[in-house]
Amino acid sequence: MRAVVCRRWGGPEDLILENVAEEKLGPDQIRIANKATGVSFGSSLLIAGKYQRKPPFPFSPGTEVAGDVVEIGRAVTRFNPGDKVVASLDWGGLSERPVSRESNTFALPRGLDYAPAISLPLTYATSAAALTWPHLLNLQQGQWLLVHGAGGGVGLAACEIGRILGAQVIATASSDEKRAQAKAHGAQHVIDYTKQDFREAVLELTQGSGVEAIYDPVGGEVFEQSLRCLAPEGRICPVGFASGRIPKAPANILLVKNVSVVGLNYGYYIGWSPHDARLECFPRIKALMDRLQEWSEAGRIKPTISASYRLDQYVDAFRAVIDRKAIGRVAIVP
């Protein structure tokens, strides 16, 4: 099969499209005929050796896939050949027949095409976990939610899910097109943070009270300023650092305002950690994915694919993400 292979840390130009042998199937694994896979900012960090996970060389990047089951391991009970599925992967998505674990694989929602479906197992799942789990943002109807990086995949997902939950959603984004997409995905208010102080804009919208919840995939100065527009007893959830700078939370602000920083590494729950917790966490993840499937089939969430590329156009796909040209997700369709 063809696969995009990483043999040394570097940029997308250092990857190689090769013919490789198929991975041997384990008892709890599923081989998938790849119909679509995603390229993300996290993938660019992974191939550069800057991500917290470092797969052994050689490996194929790509951590989500949608396609058809072609083979199952002897211990698999939830799927059969021919089933349409979405899955999160440890790696291997940029190949024609990747392998997933059964615990990381879920049914493709009815009526959803393969390409937009790649957003569900990681992008939408991350946002849904952050917004709904009680130990994280635990967003309630009528509360104010501030979403940063709203032009990206997790940001648009957070806007949609926040609106479904009945929140008042404020989104920040850097361009007219991204802000328009944020509104189309549920944000009632949008802020151009390149032209105005988003803290002042948020306090004006909330009549000085601040927001109860903040979803932050950006980090850096955005995180630091966000602390100052939280309402008392508010929560902020960092899920990534697209700005390139990891911020530090000043304890005095946390104390004085009675606010909480609640981090989410979604990878922990699906096996991306030294302690592989995917089996013990499966009931929680299955419930989350069932909820996303229900919302998708009801037309309440509509994942956005900004561009699709062939497998041999992987460099262009990575560049669209790295150069921040993408709105929503970028897909590769083998």
For this session: Kindly check whether there is at least one residue in segment 308-321 that is modelled with pLDDT under 95 and among the aliphatic types (A, V, I, L, M).
Result: yes
For this session: Restrict the check to segment 19-30 and report whether at least one residue is surrounded by 15 or more Cβ atoms within 10 Å (Cβ to Cβ), within 26 Å of His275 (Cβ to Cβ), under 17 Å from the mean Cα position of the chain (by Cα) and not aliphatic (A, V, I, L, M).
Result: no
For this session: Could you check, for segment 243-251, whether at least one of its residues is among the β-branched types (Val, Ile, Thr) and crowded, with 22+ Cβ neighbours inside 10 Å?
Result: no
Exercise. Would it be correct to say that Phe57 is more than 28 Å from Arg78 (Cα to Cα), buried (at least 20 other Cβ atoms within 10 Å of the Cβ) and aromatic (Phe, Trp, Tyr)?
Worked result: no
Exercise. Which condition number does Leu230 fail, the rest of (1) out of contact with any Gly (no Cβ under 6 Å at 6 or more places or on another chain); (2) within 23 Å of Pro134 (Cα to Cα); (3) surrounded by 19 or more Cβ atoms within 10 Å (Cβ to Cβ) being met?
Worked result: (1)
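Table: residues versus (1) more than 16 Å from Gly38 (Cβ to Cβ); (2) open to solvent by less than 20 Å² (accessible area, probe 1.4 Å); (3) among the aliphatic types (A, V, I, L, M).
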{"residue": "Gly299", "(1), (2), (3)": "yes, no, no"}
{"residue": "Ser306", "(1), (2), (3)": "no, no, no"}
{"residue": "Leu311", "(1), (2), (3)": "no, yes, yes"}
{"residue": "Tyr314", "(1), (2), (3)": "no, no, no"}
{"residue": "Phe318", "(1), (2), (3)": "no, yes, no"}
{"residue": "Val321", "(1), (2), (3)": "no, no, yes"}
{"residue": "Lys325", "(1), (2), (3)": "no, no, no"}
{"residue": "Gly328", "(1), (2), (3)": "no, yes, no"}
{"residue": "Val333", "(1), (2), (3)": "no, no, yes"}
Exercise. Has segment 239-249 got at least one residue that is over 21 Å from the mean Cα position of the chain (by Cα) and at pLDDT 95 or above?
Worked result: no
Problem set entry | For Ile191: the one exception among (1) farther than 19 Å from Leu131 by Cα; (2) open to solvent by 10 Å² or more (accessible area, probe 1.4 Å); (3) assigned to a strand (DSSP E or B) | (2)
Problem set entry | Scope segment 262-285; condition open to solvent by less than 60 Å² (accessible area, probe 1.4 Å) and either touching a strand residue (DSSP E or B) at 6+ places or on another chain (Cβ under 8 Å) or assigned to a helix (DSSP H, G or I) (or both); matching residues | Val262, Gly263, Leu264, Tyr266, Gly267, Tyr269, Ile270, Gly271, Arg278, Phe282, Ile285
Exercise. What about Arg291, is it under 17 Å from the mean Cα position of the chain (by Cα), on the phi > 0 side of the Ramachandran plot and open to solvent by 20 Å² or more (accessible area, probe 1.4 Å)?
Worked result: no
Problem set entry | Flag if Ala48 is aliphatic (A, V, I, L, M), out of contact with any strand residue (DSSP E or B) (no Cβ under 6 Å at 6 or more places or on another chain) and open to solvent by 10 Å² or more (accessible area, probe 1.4 Å) | yes
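The values are calculated or read from the model by the stated rules, or taken from the named source; none is laboratory data. Just so we're clear, the structure is a prediction, and the values are computed from it rather than from any experiment. Every residue, glycine as well, gets a Cβ built from its backbone with ideal geometry; the counts of neighbours run over all protein chains shown. Surface accessibility is based on the protein's heavy atoms, side chains included, excluding ligands, DNA and RNA. Shrake-Rupley method; radii C 1.70, N 1.55, O 1.52, S 1.80 Å.
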